[in-house]
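Undergrad: What follows is a structure written as structure tokens; I'll ask about it next.
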Amino acid sequence: MKSIKILAVESSCDETAVAVVENGKTILSSVVATQIDVHKDFGGVIPEVASRIHIENISIVLEEALKKANVTMEDIDAVAVTQGPGLVGCLHVGVQAAKTLAWAFHKPLVPVHHIAGHIFANTFIAELQFPLLALVVSGGHTELVYMKDEWDFEILGTTQDDAIGEAGDKVGRVLGLPYPGGVYVDKLAKEGQPVYKLAKPKTEGEMDFSFSGLKSSVLQFIDRSKRTNQPFIPADLAASYQETALDALFARARVALTKYQPKQMVLAGGVAANSRLRAKVNEELKREYPTTEFIIPPLSCCTDNAAMIAAAGYVAYCHGVRADLSLTADPGMDLES
Ligand code: KG4
Ligand code: ZN
């Protein structure tokens, strides 16, 4: 069988990434230029700044990815790119780069949904089995995605307001932690106990999510403590926030696991790097659902990268997904269509 090499471009948020992956499985190179240090100074991603840095970085990252993979564009079978969702100005940079490559080197162009990429990051550590349930937890998304088959996505539940990563970043900021806050809330929570009572997320759908009420509850807790001059223990507040958020997340995941009984459940997205979330999957879900196999991606595959876009791009390519040069960034791209 001829090997298929996909070159993928990802620029949906604050990482400029290019990867070359063979047959959707073997990473020949995966280069990520992160902008975290720049956005740290602002306490969050400034879209205008992010897209400008993508423009500065994209050709350097591309060159390095080809060099590391020891290939030239002639060896590439298709160019995959994150079409959406994400920040529109950021997405445009990747899409334009991918279109230029596809046009100049006469390669097929494969548009990829960013969340499909996060889900397929798991192919680097396991053979995906269907039906599959994906718990997608990132800076922009909190979703339960059911996949009957390898290119069939059904969103069972989504957030009514904030994504879990977004809420964690905000909580980190009000606790005076660096950007991205969620990473540091995770670290701080290890030193604390979940002793403070915070508002439990309430949702209409039994598989939907909501994190803005919990986030406000943390803000109000800090305000009250300042007003009443009653100091609190930041590590305990971090642990209380994290436990409440994860309990809500797991309650919804349990509904889906019971209802759909998937062969596998995979974690996907940046928040899948959370140490408490990973521990809870191992300690609780594995025991409660013995017929489901739980896949936890390695930390390097959780946050944004282009290898995951290449992995999803390979499956899309095999399913005949193609775009022509009229392809444009789609910041609100739908996973199901
Ligand atoms: O998937 P990702 O890189 O970007 C999006 O597609 O949104 O996810 C980034 C998010 C940020 O909100 C970041 O704070 C969160 O993932 N994150 C974490 C951890 N590592 C990254 N949240 C909690 N605990 C972590 N260890
Ligand atoms: Zn992402």
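The values are calculated or read from the model by the stated rules, or taken from the named source; none is laboratory data. What you are looking at is a predicted structure, and each value in this text was computed from that prediction instead of being measured. Neighbour counts run over all protein chains shown; Cβ positions are idealised from the backbone, glycine included. Calculation scope for accessible area: heavy atoms of the full protein, side chains included, ligands and nucleic acids excluded. Shrake-Rupley method; radii C 1.70, N 1.55, O 1.52, S 1.80 Å.
Undergrad: Regarding Ile27, is this residue open to solvent by 70 Å² or more (accessible area, probe 1.4 Å) and either in a strand (DSSP E or B) or assigned by TED's automatic domain parsing to the domain that holds Gly140 (or both)?
TA: yes
Undergrad: Here's a check for you: in the range 72-92, which residue that is away from ligand 2 (no atom under 16 Å from the Cβ) and open to solvent by 20 Å² or more (accessible area, probe 1.4 Å) is farthest from the chain's Cα centre (by Cα)?
TA: The extreme case among them is Glu74.
Undergrad: Is there a residue being more than 16 Å from ligand 2 (Cβ to nearest atom) and touching a residue at least 40 places away in the same chain (Cβ under 8 Å) anywhere in the range 295-303?
TA: Yes, the range 295-303 has at least one match.
Undergrad: Determine which member of the set Ala102, Ala126, Ala97 is closer than 21 Å to Lys5 by Cβ, away from ligand 1 (no atom under 13 Å from the Cβ) and either charged (D, E, K, R) or open to solvent by less than 20 Å² (accessible area, probe 1.4 Å) (or both).
TA: Ala102
Undergrad: With respect to Ile119, determine if the residue is farther than 26 Å from Glu48 by Cα and open to solvent by 10 Å² or more (accessible area, probe 1.4 Å).
TA: Against the criterion (farther than 26 Å from Glu48 by Cα and open to solvent by 10 Å² or more (accessible area, probe 1.4 Å)), Ile119 does not qualify.
Undergrad: Here is a list: Ala189, Ala235, Ala199, Ala167. Which entry is out of contact with any Pro (no Cβ under 6 Å at 6 or more places or on another chain) and within 16 Å of ligand 2 (Cβ to nearest atom)?
TA: When all the criteria are applied, what remains is Ala167.
Undergrad: Does the range 47-62 contain at least one residue that is assigned to a loop (DSSP other than H, G, I, E, B), over 27 Å from Leu128 (Cα atoms) and under 20 Å from the mean Cα position of the chain (by Cα)?
TA: no
Undergrad: Can I ask one more? Quick check, is Ile164 assigned by TED's automatic domain parsing to the domain that holds Leu249, touching a strand residue (DSSP E or B) at 6+ places or on another chain (Cβ under 6 Å) and within 25 Å of Ala235 (Cβ to Cβ)?
TA: yes
Undergrad: Let me ask something else about it. Give the range 268-294 a look and list any residue that's buried (at least 21 other Cβ atoms within 10 Å of the Cβ) and either within 22 Å of Gln83 (Cα to Cα) or more than 16 Å from ligand 2 (Cβ to nearest atom) (or both), or say none.
TA: Selection gives Ala268, Gly269, Gly270, Val271.
Undergrad: Need the failing condition index for Glu10 against (1) touching a residue at least 60 places away in the same chain (Cβ under 8 Å); (2) among the acidic types (Asp, Glu); (3) farther than 25 Å from Leu128 by Cβ, just the number.
TA: The failed condition is (3).
Undergrad: Can you tell me which residues in the range 31-48 are in contact (Cβ under 8 Å) with a residue 12 or more places away in the chain, in contact with a helix residue (DSSP H, G or I) (Cβ under 9 Å, 6 or more places away or on another chain) and open to solvent by less than 80 Å² (accessible area, probe 1.4 Å)?
TA: The answer is Val31, Val32, Ala33, Gln35, Val38, His39, Gly43, Gly44, Val45, Pro47.
Undergrad: Further, regarding this structure: Out of Met308, Met265, report the one residue that is of a type in the set (A, V, I, L, M, F, W, C), within 15 Å of ligand 1 (Cβ to nearest atom) and in contact (Cβ under 8 Å) with a residue 12 or more places away in the chain.
TA: Answer to the selection: Met308.
Undergrad: Continuing with this model, one more query. Listed residues His106, His118, His92; which is more than 17 Å from Val31 (Cα to Cα) and in contact with a Ser or Thr (Cβ under 9 Å, 6 or more places away or on another chain)?
TA: From the options His106, His118, His92, the qualifying one is His92.
Undergrad: Right, next: Could you look through the range 271-291, keep only residues that are touching a residue at least 60 places away in the same chain (Cβ under 8 Å), out of contact with any Gly (no Cβ under 9 Å at 6 or more places or on another chain) and not charged (D, E, K, R), and pick out the one that is farthest from Thr142 (Cα to Cα)?
TA: Ranking the candidates gives Ser275 first.
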